[in-house]
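Asks: Please find one structure pasted underneath; my questions will follow.
The values are calculated or read from the model by the stated rules, or taken from the named source; none is laboratory data. Owing to the predicted nature of the structure, the values given are computational and were not obtained by experimental measurement. In this analysis, Cβ positions are derived from the backbone assuming ideal geometry, glycine residues included, and neighbour counts consider all displayed protein chains.
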Amino acid sequence: MPKHSPRQLDPRAPLVLDTRDLPRRPGALRELRRVVAAPADLGVELIGVPEGADLDLDLRLQSVSEGVLVSGTVTGSARGECGRCLREIDDSVVVNVQELYAYEDSTTDETTDEDEVGRMQGDLIDLEPALRDAVVLALPTNPLCREDCPGLCPECGVHWDDLPADHSHQQIDPRWAGLSQLNRTEE
Ligand SMILES: [Zn+2]
Ligand SMILES: [Zn+2]
C-alpha cells in the first residue's frame, strides 16, 4: 500500500517544486528563486498573507541519499487586524523552511510516517503544507497595531487614543442626580 496521498500534484501549481533538473546524486544542489501568488487561507484567524499576494521563495534544493532537502526562506506581506482595537495591520512575514522530502519507494518512504518526513511524488514536491505550518508559527496569534495599543472603550467602542483622558461612563444620570439631592434635603 503506497503511503502517498492520492492527490496528484500539479507541476504548474505555484508551490509545487519540480526537481527534474536536480540530479539524484547526494550533494547535488539547485537554487530556486521564484515569486508566486499566495494560496488562500495562509495564516491565522486575525492575520495572514492575502490570497494572491506575492510570496518570495528563496530556496535551495539539495539531493540527499533518500530524497531532497528543501531549505531557505519565504517572504511575504501579511494583513490583519489588531486584536485589541481592530485597526488594520500591515506587516510582513519571513519564514525559514527546512524540510526533507523522501523519494517514492525509498527506505525512508517505507519506514517513516508521512507527518515525520515529507514525500515526493515522482519529481514533484508539494511545499504548501510545510509553508503553511511555518507561516502559522511565525504569525502572532494576537496581533497588535502597536505594542501598547490601549484598545477600545468597552462602553462606547471608541479607541482610547481618540477619547479625552478623563473619558468615563460613570457620570450620574441627571435624574438620579436630582434624587440624590432630594435625599440630602430630607436628612
Ligand atoms: Zn490596536
Ligand atoms: Zn466610552
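Asks: Looking only at the range 47-87, how many residues end up being in a loop (DSSP other than H, G, I, E, B) and away from ligand 1 (no atom under 16 Å from the Cβ)?
Replies: To start, the set of residues in the range 47-87 that are in a loop (DSSP other than H, G, I, E, B) comprises 50-53, 65-66, 82-87.
Narrowing the set further to residues that are away from ligand 1 (no atom under 16 Å from the Cβ) leaves 50-53, 65-66.
Of the residues in the range 47-87, 6 are in a loop (DSSP other than H, G, I, E, B) and away from ligand 1 (no atom under 16 Å from the Cβ).
Asks: Considering the range 29-51 alone, what residues qualify as being at pLDDT 95 or above, touching a helix residue (DSSP H, G or I) at 6+ places or on another chain (Cβ under 8 Å) and hydrophobic (A, V, I, L, M, F, W, C)?
Replies: The answer is Leu42, Val49.
Asks: Say we look at the range 131-162 and pick out the residues that are farther than 20 Å from Val44 by Cα and of a type in the set (D, E, K, R); which of these is surrounded by the most Cβ atoms within 10 Å (Cβ to Cβ)?
Replies: It comes out as Asp161.
Asks: Further question: Go through Arg60, Arg12 for me and flag whichever is basic (Lys, Arg) and at pLDDT below 95.
Replies: Numbers: Arg60 fails: at pLDDT below 95.
After ruling out the rest, the residue left standing is Arg12.
Asks: I'm trying to understand the selection: among the residues of the range 89-107, which are touching a residue at least 40 places away in the same chain (Cβ under 8 Å) and surrounded by fewer than 18 Cβ atoms within 10 Å (Cβ to Cβ)?
Replies: Initially, the range 89-107 is screened for residues touching a residue at least 40 places away in the same chain (Cβ under 8 Å), giving 89, 91, 93-95, 103-104, 106-107.
Correct list: Asp91, Val94, Glu104, Ser106, Thr107.
Asks: Also, I was wondering about something else. Could you pull out the residue among Thr141, Thr111 that is free of Cβ contacts under 8 Å to residues at least 24 places away in the same chain and polar (S, T, N, Q)?
Replies: Numbers: Thr141 fails: free of Cβ contacts under 8 Å to residues at least 24 places away in the same chain.
Going through Thr141, Thr111 in turn, the sole match is Thr111.
Asks: Taking the conditions exactly as written (on the phi > 0 side of the Ramachandran plot and of a type in the set (Asp, Glu)), does Asp41 satisfy them or not? Working first, answer last.
Replies: Details: on the phi > 0 side of the Ramachandran plot: yes; of a type in the set (Asp, Glu): yes.
Yes; evaluated as a whole, the condition is true for this residue.
Asks: Take the conditions polar (S, T, N, Q) and within 16 Å of ligand 1 (Cβ to nearest atom) and apply them to Thr141. Does it pass? Give the derivation first.
Replies: Numbers: polar (S, T, N, Q): yes; within 16 Å of ligand 1 (Cβ to nearest atom): yes.
For Thr141, the condition - polar (S, T, N, Q) and within 16 Å of ligand 1 (Cβ to nearest atom) - is met.
Asks: Return only the number of the condition from (1) at pLDDT 95 or above; (2) under 27 Å from Arg84 (Cα atoms) that Asp54 does not satisfy.
Replies: (2)
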